[in-house]
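First up is the structure itself, then whatever we jot down about it.
The values are calculated or read from the model by the stated rules, or taken from the named source; none is laboratory data. Since we're looking at a predicted model, the values are computed, not measured. Cβ coordinates were reconstructed from backbone atoms using ideal geometry, including for glycine residues, and neighbour counts include every protein chain displayed.
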Amino acid sequence: MSESLTEVIGWLSSCILVATIAKQVYKQWNEGSSEGVSKWLFVGQMAASLGFTVYSWLVDNWVFVVTNSLMLLNGLAGLLIVLRHRRREKRSRATGQRSERTQAANS
């Protein structure tokens, strides 16, 4: 197989992977919910992506340097979204509890 065809396959696969994960992170953001999504998924993914980025750089594989760098950014975005949603849910529950106590006191 020619080297240029190998590169095309690598870059195409990279685009598919990054687009797939980015779409999931976007969906999470757009729906305003991270229900059922563990923050540890993104922490682990970021750790692996960082390690793979360094490894790929050391072996001089630019397809994987770019791919794993983008995956690291996707993981960071996903983690920040999960944390934001959890904070909002916590505030919402606290506000709801205060509201219920106020209604009970006024009854």
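Points to keep in mind about this one:
- Search result, residues across the range 50-92 that are out of contact with any helix residue (DSSP H, G or I) (no Cβ under 8 Å at 6 or more places or on another chain) and either within 13 Å of residue 14 (Cα to Cα) or among the charged types (D, E, K, R) (or both): 60, 61, 84, 87, 88, 89, 90, 91
- Candidate set: the range 10-19, residues that are aliphatic (A, V, I, L, M) and surrounded by fewer than 14 Cβ atoms within 10 Å (Cβ to Cβ); chosen: the one farthest from the chain's Cα centre (by Cα): 12
- In the range 11-54, the residues that are among the small types (Gly, Ala, Ser) and modelled with pLDDT of 90 or more: 13, 14, 19, 22, 44, 47, 48, 49, 51
- Close pairs from the range 20-32: first surrounded by 10 or more Cβ atoms within 10 Å (Cβ to Cβ), partner outside any helix (DSSP H, G or I), Cβ under 8 Å, at least 6 apart: 28/34; 28/37
- Cβ-Cβ under 8 Å pairs, at least 6 apart or on other chains, the range 33-59 side under 18 Å from residue 22 (Cβ atoms), far side outside any helix (DSSP H, G or I): none
- Residue within the range 21-30 that is over 18 Å from residue 81 (Cβ atoms) and either charged (D, E, K, R) or in contact with a Lys or Arg (Cβ under 8 Å, 6 or more places away or on another chain) (or both) present: no
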